[in-house]
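One structure below.
Since every read-out is calculated from the coordinates, none of them should be taken as a lab result. Quantities reported herein were computed from a predicted structural model and do not represent experimental measurements. Ideal geometry is used to build each Cβ from the backbone, glycine not excepted, and the neighbour counts take in all protein chains shown.
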Ligand code: SF4
């Protein structure tokens, strides 16, 4: 047994309840160690229950390399920072340090806090008359008091949730902060301290978006590192596209005007003009909401962008006038520089980018992103570090889509230790009408009712649209003797708790619940999925990708996304070695379409059936009727 496997066994034995590292976990750890040593890339599919975080953390720490771990969700970031890494630090038997680094706007800005508190060298809050303050003033005062004693200034450590307005009074984003060397509070800055801790640490945990910002900045955000591990790597393509692109709306013009107000004092009309240019841009964006923009953008929008660029340039020139190092001027200059740079980028509109408009009707925003991220990642990332990409569901063709050279990357699938073949049944309702045709909805509701009755409640019903979820809940709630919860009832954590605690209840939910729902045990014995989750045909970035892919678009763009999401939804069922249950796909295309095997192959290896009688028999064994009584039964 090599050192990595031995250490993994040692660490696993210390887990609550003890235990042994499983074969897949050891295989993954060894593959990660080899990739780091040989400075190669590794893509590893690690099914539910593998214990993938320890499988990459142990070899990463033992390698002695500087490692950044990027996660797509906050839940996983918290799990690494508060559970996995502290556990490893205690039991690994080798000293190492880790830290979490977040985007600048997550930390209280000492300089803004000082200015809000009335300037001076020290925060002086003793004389504040709280009764005279409104809600905003009280929250800001509370934030300032908290900052005096906080070690980190990290917003997530607050014991209350400030309003966005209150937090924005005492924070800056990366586009406003001029950096420690040009800020009088630079030497006590919380964000800078977090970065300094990250410099010292062996393992740094970040979110994937911050990693994308690091790449977009030319490598200036995070400390230098040898290895990056992308967990939840199925999100990487989308997050990279978002962070390598840009967003422009009226809010940025208002923010610049606000930043410049104390600096450009002799010509207030200049700032009013800037804000009105932002408003005009917003009006010109309105008609394009949800649509991809054509080359040249259309006369009205192009004019609005040109006006915005011209007024931003005038404000920039006005900010630049005046001497001396003034923190407010530096921040305004920073924000103006970013806005001007983005407007110039929009005007140039490189052909590899696509532009569209999104956001609510009252605040549409201009978005731009690279159509394909592969070339940019090849240029900025793959040649610089050894990268480990892992997820329970690796989308088909992922390395190619991300621009990884085939000869630089190894791919493995370590499976799952859970006995899917014995404990899981995949049912496809092949007799239902096509989901795009007439009669589908009524047939879907009848099928759902029969399935939920077979499971005696205990169902997570996943839908591809809010409308379909509501229609099903309205049709079935009066008919079923079990509680039917829907996504509109409670916030997600409370909803999952209610569903878990009330064992016979059903939860009807949409996209936000296809991932991240982890309910082991009998409460979740049936997962139903209404349709194969193909992406919307009118989603602008995907439209642009389809245009590039030509006739292969369905196979290259739509099918991999549907397969990944279907596997994510299916993955909600078996969450422990003893879980047992059924996944029912209520879309006959999974049984009939010529692409069906691309989807089925992406799912965990469950037994398959087209007969509801098999489902009833399977669920009857899964939990005897006597064990789960319906209310009033
Ligand atoms: S460097 Fe200054 S402006 Fe930037 S976050 Fe730190 S304290 Fe705020």
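Quick one: length gained pulling residue 160 to residue 1 fully straight, 0.36 nm per residue minus the C-alpha distance? Walk me through the intermediate numbers first.
Details: separation 159, 0.36 × 159 = 57.24 nm, distance 4.96 nm.
Net length gain for the segment: 52.3 nm.
Would you calculate the separation in nanometres between label points at residue 265 and residue 591, each defined as 7 Å from the Cα along the Cα-to-beta-carbon direction?
7.7
Residue 348 to residue 328: FRET efficiency via 1/(1 + (r/R0)^6), r the Cβ-Cβ distance, R0 41 Å, to the nearest 0.05?
The pair residue 348/residue 328 has a calculated efficiency of 0.85.
Could you sort 10-21, 443-454, 510-521 so that the peptide with the highest average Cβ count within 10 Å comes first and the rest follow in order?
On the way: 10-21: 13.2, 443-454: 18.9, 510-521: 17.2.
Highest mean packing first, the order is 443-454, 510-521, 10-21.
What nm value, rounded to one decimal, do you get for the distance between residue 518 and residue 75 when each label is placed 7 Å out toward the C-beta?
Each label point lies 7 Å from its Cα, and together they span 0.7 nm.
Need one number: convex hull volume per residue for region 355-406, Cα atoms only, in Å³. Working shown, then result.
Working: hull volume 6.9 nm³, N = 52.
Here the figure is 133 Å³ per residue.
Can you compute the FRET efficiency between residue 578 and residue 251 using 1/(1 + (r/R0)^6), with r the Cβ-Cβ distance and R0 = 45 Å? Round to the nearest 0.05. Please report the intermediate quantities before stating the final value.
Details: r = 50 Å, r/R0 = 1.12.
That pair, residue 578 with residue 251, gives E of 0.35.
I need the Kirkwood Rh of the chain: take the reciprocal of the average 1/r across all distinct C-alpha pairs and report it in angstrom. Present the calculation step by step, with values, prior to reporting the outcome.
Details: mean 1/r = 0.0368 Å⁻¹.
It works out to 27.2 Å.
Using only C-alpha positions, report the orientation-averaged shadow area of the convex hull of region 504-605, nm², one decimal.
Working: hull surface 28.8 nm².
Result: a mean projected hull area of 7.2 nm².
Using only the Cα atoms of region 228-345, build the gyration tensor, take square roots of its eigenvalues as a ≥ b ≥ c, and label the shape rounded, prolate or oblate: rounded if a/c is under 1.5, else prolate if a/b is larger than b/c, else oblate. Working shown, then result.
Details: a/c = 2.75, a/b = 1.34, b/c = 2.05.
In terms of gyration-tensor shape, oblate.
Angle, helix 52-62 long axis vs. longest principal axis of the chain, Cα atoms, 0 to 90°, nearest 10?
50
Say each of residue 446 and residue 314 gets a label point 7 Å from the Cα, pointing the same way as Cα to Cβ; how far apart are those two points in nm?
Label-label distance for residue 446 and residue 314, simple model: 6.8 nm.
Please give the contour-minus-distance gain from residue 421 to residue 295: 0.36 nm per residue of separation, less the Cα-Cα distance, rounded to one decimal in nm.
Values: separation 126, 0.36 × 126 = 45.36 nm, distance 5.18 nm.
So the extension gain works out to 40.2 nm.
Figure the gain on full extension for residue 548 and residue 97 (residue separation times 0.36 nm, minus the Cα-Cα span) and round it to one decimal in nm. Intermediate values should be presented prior to the final figure.
Working: separation 451, 0.36 × 451 = 162.36 nm, distance 4.49 nm.
Full extension from residue 548 to residue 97 adds 157.9 nm.
May I ask you to derive the FRET efficiency for residue 173 and residue 430 from their Cβ-Cβ distance with R0 = 60 Å, giving the value to the nearest 0.05?
Details: r = 52 Å, r/R0 = 0.86.
Calculated value: 0.70.
Mind ordering 584-593, 154-163, 85-94 by average Cβ neighbours within 10 Å, highest first? Intermediate results must be reported in sequence, preceding the final value.
Working: 584-593: 21.0, 154-163: 12.8, 85-94: 15.4.
Ranked from most to least packed, the peptides come out as 584-593, 85-94, 154-163.
I'd like the distance between the alpha-carbon centres of region 369-413 and region 52-68, rounded to an integer number of Å.
19
Determine the calculated [θ] at 222 nm for the chain from helices alone, applying -39500 (n - 2.57) to every DSSP H run no shorter than 4 residues and normalising by the residue count; nearest 500 deg cm²/dmol.
Numbers: 26 runs with 270 residues, N = 633.
That calculation yields -12500 deg cm²/dmol at 222 nm.
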